[in-house]
1. Output wanted: per-residue J couplings in Hz (rounded whole) for segment 12-22, from phi through Karplus 6.51 cos²θ - 1.76 cosθ + 1.60, θ = phi - 60°, x for Gly and Pro.
2. Can you send over the carbon and sulfur percentage of the accessible area for segment 1-54, probe radius 1.4 Å, protein chains only?
3. For a quick check of understanding: with a 1.4 angstrom probe and all protein chains in place, what accessible area in square angstrom does residue 54 have, to the nearest ten?
4. Residue 36 label point, 7 Å along Cα→Cβ, cut-off 19 Å on backbone N: hits in segment 1-26?
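The values are calculated or read from the model by the stated rules, or taken from the named source; none is laboratory data. Keep in mind that what you see is a predicted model, and the values were worked out from it rather than measured. Here the Cβ positions follow ideal geometry from the backbone for every residue, glycine too, while neighbour counts run over all protein chains shown. Remember, those area values only see protein heavy atoms, side chains included, never the ligands or the DNA or RNA. Shrake-Rupley method; radii C 1.70, N 1.55, O 1.52, S 1.80 Å.
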Amino acid sequence: MLAETICSAVSAAGLGIAAIAAYRKRFLSAARIAAYALVPLGLVMTGAVAWLADTAFSPVAWAGFGVLGLAWVLFLSTRAVERRRAGRGRPAVEETAPRAAAPGAPAPRRAVTGKKPRAAEPAGDDFSDIEAILKKHGI
């Protein structure tokens with residue numbers, strides 16, 4: 001009975017604040033405040049407050065919350081173990097598979113054993129593809 005009275009008082013106060021906000025021409029804010037103020041009244045009218053009060057003092061309900069918490073912890077721990085195992089057991093085929101490249105991109109260079117490495121290319125050739133893109137867009 002006390003919880004219903006408190007919820008009704010909170011709703012009345014919230015609606016009063018919403019009326020003041022509407023009087024000050026803040027209609028969006030007033031509508032939002034009124035929406036929040038009507039929630040406790042709705043909970044009282046549906047009986048949720050009475051159910052919550054009965055649940056708060058019931059040992060069976062608290063045991064049920066404990067079981068739900070245990071289920072939640074078990075679910076999260078199995079997900080963590082599953083993710084950890086998935087990170088370790090990657091097949092070697094993925095590492096050797098060729099990677100997809102953008103159309104028109106140069107082929108990746110591969111090191112060839114038994115040959116000398118090529119000399120470094122001039123710095124002007126590194127920016128040729130960027131220059132082509134800029135010219136294409138008229139920059």
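1. Once θ is set to phi - 60°, the couplings for segment 12-22 become 5, 5, x, 5, x, 5, 5, 5, 5, 5, 5 Hz.
2. Details: 2990 of 3970 Å².
The computed percentage sits at 75.
3. Residue 54 has an accessible surface of roughly 110 Å² with all protein chains in place.
4. Within reach of a label on residue 36, which here means backbone N under 19 Å from a point 7 Å along Cα→Cβ, segment 1-26 contributes 6-26.
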